[in-house]
Amino acid sequence: MAFAISTAVSADIILMDEWLTVGDADLAAKSQRRLNELMGSAKIVVLASHDTSVLAQYWALALFGIAIPFVKLMLFLPLVFLAAALPISVAHLGTSQAAWLLFFSGSASNAKILAYSLAAHFTFMFCNGLIGLFYLPRASRELTALDETTSGHK
């Protein structure tokens, strides 16, 4: 009832805080359709969430012309991340793309889904590499210090 009342009017500015807590699947689908309508007509949308990776994915998908309902993204993106983490392929390629296609192929063409999943995967790998380079000097110092202390005890 609160959702129906709060979305009964259109607004230029929409503020949403952890708005995905809805009832059953039917209500979630209806809520998602209504939120998509409101977000499409609003001039400013502010989403607050503890899961910034989902928000980043949601907005990045739009750059590729892919529209995946936010609730669906929230439900299946953790499974995509899990598939990407499986150590069964080179550079974790293939499992992530298969998961994207499995869960989201109805939202865009396979080519768009694959292009986005590869771009997202390589962006993730690049950022991890930058983080690694940032911590490399510290790790090197710590490993050298550890090696010196263990070799002194022989």
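The values are calculated or read from the model by the stated rules, or taken from the named source; none is laboratory data. Everything numeric here is computed off the predicted structure, so don't read it as measured data. Note: ideal-geometry Cβ built from the backbone for every residue, glycine included; neighbour counts use all protein chains shown.
Of everything in segment 103-151 that's loosely packed, with under 13 Cβ neighbours inside 10 Å and basic (K, R), which residue is farthest from A84 (Cα to Cα)? My answer is R141. When segment 67-94 is filtered for residues that are surrounded by fewer than 17 Cβ atoms within 10 Å (Cβ to Cβ) and among the β-branched types (V, I, T), the ones remaining, listed by number, are I88, V90.
Are any residues in segment 70-121 part of a helix (DSSP H, G or I) and of a type in the set (S, T, Y), and if so, which ones? Can you show your working first?
Initially, segment 70-121 is screened for residues part of a helix (DSSP H, G or I), giving 70-85, 90-92, 95-107, 110-121.
Hits for segment 70-121 are T95, S96, S105, S107, Y116, S117.
Tell me, please, whether a residue that is modelled with pLDDT under 70, part of a strand (DSSP E or B) and loosely packed, with under 10 Cβ neighbours inside 10 Å can be found in segment 10-20. The answer is yes; a qualifying residue exists. Annotation: A56 fulfils all but one of (1) under 14 Å from the mean Cα position of the chain (by Cα); (2) over 16 Å from M39 (Cβ atoms); (3) at pLDDT 85 or above; the unmet one is (3).
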